[in-house]
Every structure is written in structure tokens, then in C-alpha cells.
Amino acid sequence: MAKSKWNNLKGLIAAAGVAGVIFFLCIPVSARDDGECDENRPDRLITMAAEYPGVEIPMDEEEVRIDLIFHNKGRSDEDVDILITDVPENWKARVKTYQYSVNKIHAPSGEDKTVTFEAEPDKKAAAGKYKFRIEAQTRDGEFKMAQNIFVTVLEKIEGEKESRGVKLTTSYPVLRGPSDGNFEFSMEVESKLDKDAIFDLFGQGPEGWDINFKPAYESKYISSLRLKENQNSTVAVEVKPARKSEEGEFPINVKVSSGDARAEAELTVILTGTYKLEVGTVNDLLSLEAKQGKPANVSVYVKNTGSAANKGIEFMSFKPENWNVEFKPEMIDVVEPGDMKQVEVMITPYEEALVGDYSVTVNVEGEKVTKPVEFRVTVKASSAWAWIGIGVIVLVILSLTALFQKLGRR
């Protein structure tokens, strides 16, 4: 009895195993994914679909690529003819694999076959919506398929630069400063590629200007940048204007490229000119004599040797205690580039100042520039004290003469 039950159990296990093998073999790999067996498939069934039947692209985009997928859900392999029947004016279109253009494909039973639809506009293609039509049929014409693809070309935004595969971003695209200064922009380079790439860096500005690239927080110059897929890196763009550059706004065009991937960004440098002053005396002497309590006068010229007008020029003095320094005029409204103005400086020593040499510094403070000039002031005794001294000397001589005469009689 037990042996009979055991034989029956073995029989059931064997039958289940055979059924499982038959069921597994019945389903090819692609069909298992669909949960269908060949027996449930129709003899023939093939369809075509575009992965993205409607796309938008920016102006100046060189190419559109969209996958076309053929689903063969039948039990028979199929050969399919493909034809693009509607191509807009000023466009070229084709169906291709990774390497070749194709007009026929072979779709095995139960599998998907993918090819690529490519459309390329020429320079005359304007912004707007464009329709492409792709038709396909089996060799015997039993199955006919059609797919419309719509490509919308967007209007180009004024000032926007085209980009592909890489993105440039800067928070401060406009810098302002003097013509003799250096300007440094911080720019982020972001790779949109799915592979590692080396990006070449190029900068273009006015003639005679120096434009260099540096890694962030480093001083060395670079001409290219290696980025991993979808990686970003910060680059410093150093701009040095040419000597004697005039005031105004100057565009700096920065380009980054690696093969077909490229991006551009426009930076702006606003030059305010250079602020320089020259201060001195006509005879180049920076020394003068003065008497206690009496003003001494010296003429000082202020010359604008920069390229920008210098406005609101004021004067400040550093002098010994109890001395007085005055300026006429007290302020100069403006000195144009190359012009010169004259200022009278009156220095009055303290009434009880000792005889000797003293230092008086005059600061000429213009717009964004300060120019100091130092004078040596020699204080001499007043003429009254000189006459008193002479009188004392004469009195001493007369006293000595009278004393000698008196002693001589004795």
C-alpha cells in the first residue's frame, strides 16, 4: 500500500516537471516578458511608433534624433520597408542605425527593433512648427504603418548663446573697474555628456586684451578642462585690459567645446578709466623758509595723468602742533585728463616755534586716488630778534671798551 502511494507521488512529480519544462520552452525570452506564449500570438502583427513624436528645439540646433521602435508581436519574422514621405522645406531627414542610413529593417519574431530618425535644418530654417511623416510596410504590403513627427523650432532669445552638451553659468557676468585693473569672473562649466571629455577653453575680447583661464583658487593658467560624465567644475576667467584702454563697455566672449558639445557665454567689462594724479611745484623744490607766526607761500600744481576725469579734489595737511596750513582754493571741482590746476599753499609756523627744520605733508585726495607731497620748512628768527641781538652785541662791546679804558688809567 505504501509502495503504491509512493509510486503515485513520483508519477505526479514527474508529470509536473514535464509540464513545467514544456511551458518554459514554449515561451521565448521576449515573449516571457509579455506573459504570452507563441501559441497565443497571431501569425503576423507588427507596429511602428516614435519614442517622442513631438519635440521642441532651440534655434540653431544642428540635428534632431528620435528613436523609431518596431514591435513584432507575431510569430513570423518580418522585413519592413521604410520611407520618409513628408520632409519640410529647408530640412533634410533620414532613418539610420548607429552607422548607416537604412530603408529596410528585419524584425525577428517577438522582438523590438529600434532605428533612429534624424532631421537636420539648414540656415534658412526659421522658427516654427514642422511636420515629418514616416511610412512603413511589410514586403507583401499586408501591414502598412505611418507616424507623424512634429518638430517645433523656438525663437532665439536676444543675447542667448547656443549650447549643446555643456553648460556655462556665471553669477556676475558684468564687472566694473579702472582701465589699469584686472578683472576675474567665476564661471561654472557643467558637462551634459554621458562620457568623460576634455573641454577646450577659449576667450575673445578687444584687441590687445589678455584673457586667461585658471582653476578655482589656483594661480596657474589652463587651456582645457577634463570633466567626467555629468560633472561640473568652477573656472576663473582673468581679463586684463590693454594699456591706455578708454572708458566704455567691452564684451568678452567665452567658448567651451569638446567635439560636437559646445557652449558660449558673453561677459562684460565696464572700464571707468584710470585715476592718476601728479602733484609738485613748478621748480621741483619742496623746501621753503618761514618765520614764526608769519605765513610762507608755495604754489603747487595738480595734474591729471589718468584717462578719467578726476572730480572733487580736496586737500589735507599733516603739520606740527599749533601750525596752520591753508589752501586756495580749498577744493578743485574737476580736472580733466591731461589738464593741470594750481593751488596756493600757505604755511604759518607757530609763533613760539624754535628755529630749525620741520616737515609738513600735504595730501591731495582725488577720486579713487590720493597723492602726498612733503615739504621741508625751515623756521628762521624774525628780524626784530635779529636787531635785538645786534643791540645786545653792541652793548657788550661798548661795556667792554669802557671797562678797558677805566682799568688802563689805573
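The values are calculated or read from the model by the stated rules, or taken from the named source; none is laboratory data. Since the model is a prediction, treat every value here as computed from it, not as a measurement. Cβ placement follows ideal geometry from the backbone for every residue including glycine, while neighbour counts extend to all protein chains displayed.
What residue, among those in segment 59-77 that are outside any loop (DSSP other than H, G, I, E, B) and among the aliphatic types (A, V, I, L, M), is farthest from the chain's Cα centre (by Cα)? Residue satisfying both the conditions and the ranking: Ile69. Condition check: within 46 Å of the chain's Cα centre (by Cα), under 17 Å from Ala296 (Cβ atoms) and surrounded by 12 or more Cβ atoms within 10 Å (Cβ to Cβ). Does Val373 satisfy that? Yes; evaluated as a whole, the condition is true for this residue.
Exactly one residue among Val80, Val95 is at pLDDT 90 or above, among the β-branched types (Val, Ile, Thr) and either under 41 Å from the mean Cα position of the chain (by Cα) or part of a loop (DSSP other than H, G, I, E, B) (or both), and that residue is Val95.
Quick grid of which residues meet (1) among the charged types (D, E, K, R); (2) under 18 Å from Asn297 (Cα atoms):
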{"residue": "Asn322", "(1), (2)": "no, yes"}
{"residue": "Phe327", "(1), (2)": "no, yes"}
{"residue": "Glu330", "(1), (2)": "yes, yes"}
{"residue": "Gly338", "(1), (2)": "no, no"}
{"residue": "Pro349", "(1), (2)": "no, yes"}
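Among residues belonging to segment 96-116 that are of a type in the set (Gly, Ala, Ser) and more than 23 Å from Ile57 (Cβ to Cβ), point out the one that is surrounded by the fewest Cβ atoms within 10 Å (Cβ to Cβ). Residue satisfying both the conditions and the ranking: Ser109.
For segment 16-39, the condition of being surrounded by 13 or more Cβ atoms within 10 Å (Cβ to Cβ), at pLDDT 60 or above and not in a helix (DSSP H, G or I) holds for none of the residues.
Considering Pro337, Pro372, the condition of being part of a loop (DSSP other than H, G, I, E, B), under 30 Å from Asp180 (Cα atoms), not assigned by TED's automatic domain parsing to the domain that holds Gly181 and not basic (Lys, Arg) is satisfied by Pro337 alone. For the subset of segment 322-334 comprising residues that are under 28 Å from Tyr350 (Cβ atoms) and in a strand (DSSP E or B), which member is nearest to the chain's Cα centre (by Cα)? That would be Met331.
Specify the residue that is surrounded by the fewest Cβ atoms within 10 Å (Cβ to Cβ); the eligible residues are those in segment 202-237 that are among the polar types (S, T, N, Q) and farther than 29 Å from Gly248 by Cα. Reasoning before the result, please.
Quick first cut of segment 202-237, residues among the polar types (S, T, N, Q) only: 204, 212, 219, 223-224, 230-234.
Still in the running and farther than 29 Å from Gly248 by Cα: 224, 230-233.
Details: Ser224: 13, Asn230: 11, Gln231: 13, Asn232: 14, Ser233: 16.
Within segment 202-237, the match that is surrounded by the fewest Cβ atoms within 10 Å (Cβ to Cβ) is Asn230.
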